[in-house]
Amino acid sequence: MKIIIVGCGKIGTTIVENLVKEGHDVVAVDRSPEAIAEISNIYDVMCVCGNGADSDTLTEAGAERCDLFVAATDSDETNMLSCFLARRMGTKHTIARIRKPEYNDKSLGYLCQQLELSMAINPELQTAHELYNILKLPSAAHIETFAGGSFELVELWLKSDSPLDGMALSELRRRYAANFLICAVQRENELVIPSGNFVLRAGDRIALTAAPHEIQKLLRQLGILQKQARNVMILGGSRTAQYLARLLLTGGNSVKIIERDRDRCTELCSDLPGAVLIQGDGAKQEVLLEEGLHSVDAFVALTGSDEENILISIYAASQKVPKVIAKVNRSELAAMADKLGLDCTVSPKKTVAGILTRYARALHNTEGSSVESLYRIMDDRAEMLEFRVSSGFPYVNIPIVELQKNYGLLPGVLIAGIIRGRRTIIPTGADCIQPRDRVIVLSADRRLGELSDIIQH
């Protein structure tokens, strides 16, 4: 597909990177010559230096024959205008990055309708939802939900005192009465799709799939189920912090935000009357201690500096805060944070890139299946996809063992779950895929555009 990306900041550059990997014909547009020069040096894409809300720039980029147009500049208004012009020039699908809270309330649906936007995307709000899900299940390092919340993937670190250390997966299934599947294990730099004979070790990062109540049941049996974080301290008064605080307050949690800037504190006080706002420098340990760091259930670092978020989060973890999360956008720093013992980080740019990758693949779908969800997991070493099956899918009502025997499933691919109505199925060889099912597939090092791609044709 021909895809135009307007705005090559952190978010836009990550979108370009992901869509180039997907094999799309990408055009990058930015008014900064430096940003355009950097993109052209790294990626094999056409680059246009200019204003993405200018018709001449869009003509040069080829908006009249564009399949997907993504506006990801720092200005919501520029993004909306760019998408509006691109649609009028002939672009088939448009997506605008819209971040301001006032646009993301009741008016968002009206804006999308009037501007003919295919989607509005808000990195900060998406990240806030991701954080909120983790705070509901603090034992997890990462959580993704499928099928409207009826199926979950949870990533966990196995610590040195884990009861799973030294246990084979076959023994694990016999010992614990929960319906679950360990579908992937990351051990150091290697990703494994394990068999029943695989033996877990301390230090492994595991990906676990099941219905939410089954995951909670297993974690409770393992003795590692932490209570939901009710008392949360947030460092930094960013938009992500604002959205997260709203979600937490609505859920009945107590929220304290520490922010340096007095004017921003005043804004947040007005918008979040149920939160406690502290104007101060949270990088100072004495400020954190004075504000009750030792008494909180969770600490979330959301400043604009990856380095500051990592360092202060490591300090919070050293003070025995039960759950610590840091926002880290730079991949190399996220990897460093893992090595330093910080087991939970979130990245807005990765979240957005995953959403757009899913959307781009969905445009290529056939009648047989469609991509409903797509998430990169295990430090981007694998993908977890949710497909909706229609009657056009050619492999319905065939037991999975027969699929493997007669057609062959691709190496590095695993059917991790089937949702049939309200029923969640952890599949065995005897289970079949049926029309209207939602099928969850793990794919390591393979790009799946539709469900039939899992079959060795």
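Summary table
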quantity: Partners for Lys327 among lysines (Cα-Cα distance below 27 Å; same-chain residues under 8 apart left out); calculated: Lys10, Lys21, Lys100, Lys136, Lys159, Lys227, Lys256, Lys284, Lys339, Lys349, Lys350
quantity: In sequence order, calculated HN-Hα J values of region 406-423 (Karplus, 6.51, -1.76, 1.60; Hz; x Gly/Pro); calculated: 8, 10, x, 8, 4, x, x, 10, 9, 7, 9, x, 10, 10, 10, x, 9, 9
quantity: Euclidean distance of C-alpha centroids, region 276-292 and region 210-248, integer Å; calculated: 22 Å
quantity: Accessible carbon and sulfur surface of region 234-362 relative to its total accessible area, %, 1.4 Å; calculated: 51 percent
quantity: Rounded accessible area per residue of region 339-447, 1.4 Å, Å²; calculated: 44 Å²
quantity: Region 171-223: GluC sites (Glu not before Pro) in DSSP coil with no more than 14 other Cβ atoms inside 10 Å; calculated: Glu188
quantity: Debye equation applied to the C-alpha atoms of region 95-143, log10 I(q)/I(0) at 0.17, 0.20, 0.28 Å⁻¹; calculated: -0.58, -0.69, -0.98
quantity: Convex hull (Cα only) mean projected area of region 67-135, reported in nm² to one decimal; calculated: 4.9 nm²
quantity: Förster-model FRET efficiency, 25 Å R0, Leu409 and Glu188, C-beta, rounded to 0.05; calculated: 0.40
quantity: Residue-wise HN-Hα coupling along region 377-388, computed from phi with Karplus coefficients 6.51, -1.76, 1.60 (Hz; x: Gly, Pro); calculated: 10, 6, 6, 6, 7, 8, 10, 10, 10, 10, 10, 9
quantity: If the convex hull is drawn through the Cα atoms of region 399-457, its volume per residue in Å³; calculated: 82 Å³
quantity: Unit Cα scatterers, Debye sum, region 220-350: log10 I(q)/I(0) for q = 0.11, 0.21 Å⁻¹; calculated: -0.36, -1.29
quantity: Gain in span if fully extended, Lys21 to Val199, counting 0.36 nm per residue against the direct Cα distance; calculated: 60.7 nm
quantity: Per residue value of the accessible surface for region 280-323 (all protein chains in place, 1.4 Å probe), Å²; calculated: 43 Å²
quantity: Accessible-area composition of region 82-158, carbon plus sulfur, in percent [1.4 Å probe]; calculated: 49 percent
quantity: Square roots of 5 times each gyration tensor eigenvalue, C-alpha, the chain, largest first, Å; calculated: 34, 33, 19
quantity: Overall Cα dimensions of region 320-379 - principal axes, largest extent first, Å; calculated: 52, 22, 15
quantity: For region 325-457, alpha-carbon Rg and Dmax in angstrom; calculated: 16.6, 49
quantity: Residues of region 112-172: accessible area per residue with a 1.4 Å probe, Å²; calculated: 35 Å²
quantity: Loop-located trypsin sites (Lys or Arg not before Pro) in region 1-71 whose Cβ has at most 13 other Cβ within 10 Å (DSSP); calculated: none
quantity: Rg/Rh for region 143-195, where both radii come from Cα atoms and Rh is the Kirkwood radius; calculated: 0.98
quantity: Additional length obtainable on full extension of the chain from Asp161 to Asp431, 0.36 nm per residue less Cα span; calculated: 93.6 nm
quantity: Share of carbon and sulfur in the accessible heavy-atom surface of region 175-219 [1.4 Å probe, %]; calculated: 45 percent
quantity: Karplus-derived 3J(HN,Hα), 6.51/-1.76/1.60, for each residue of region 94-108, Hz, glycine and proline x; calculated: 10, 10, 10, 7, 10, 10, 5, x, 5, 7, 9, 9, 5, 7, 5
quantity: Descending semi-axes in whole angstrom, ellipsoid equivalent of region 27-179, from the Cα gyration tensor; calculated: 43, 20, 14
quantity: In nm, spacing of pseudo-spin labels at Glu267 and Ser318 (7 Å Cα→C-beta vector); calculated: 3.3 nm
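The values are calculated or read from the model by the stated rules, or taken from the named source; none is laboratory data. This structure is a prediction, so every number in the text was calculated from the model and none was measured. Methodologically, a virtual Cβ is constructed for each residue, glycine included, from the backbone with ideal geometry; neighbour enumeration extends over all protein chains shown. The protein model used for the area step is the full one, side chains on, heavy atoms only, and it has no ligands, DNA or RNA in it. Shrake-Rupley method; radii C 1.70, N 1.55, O 1.52, S 1.80 Å.
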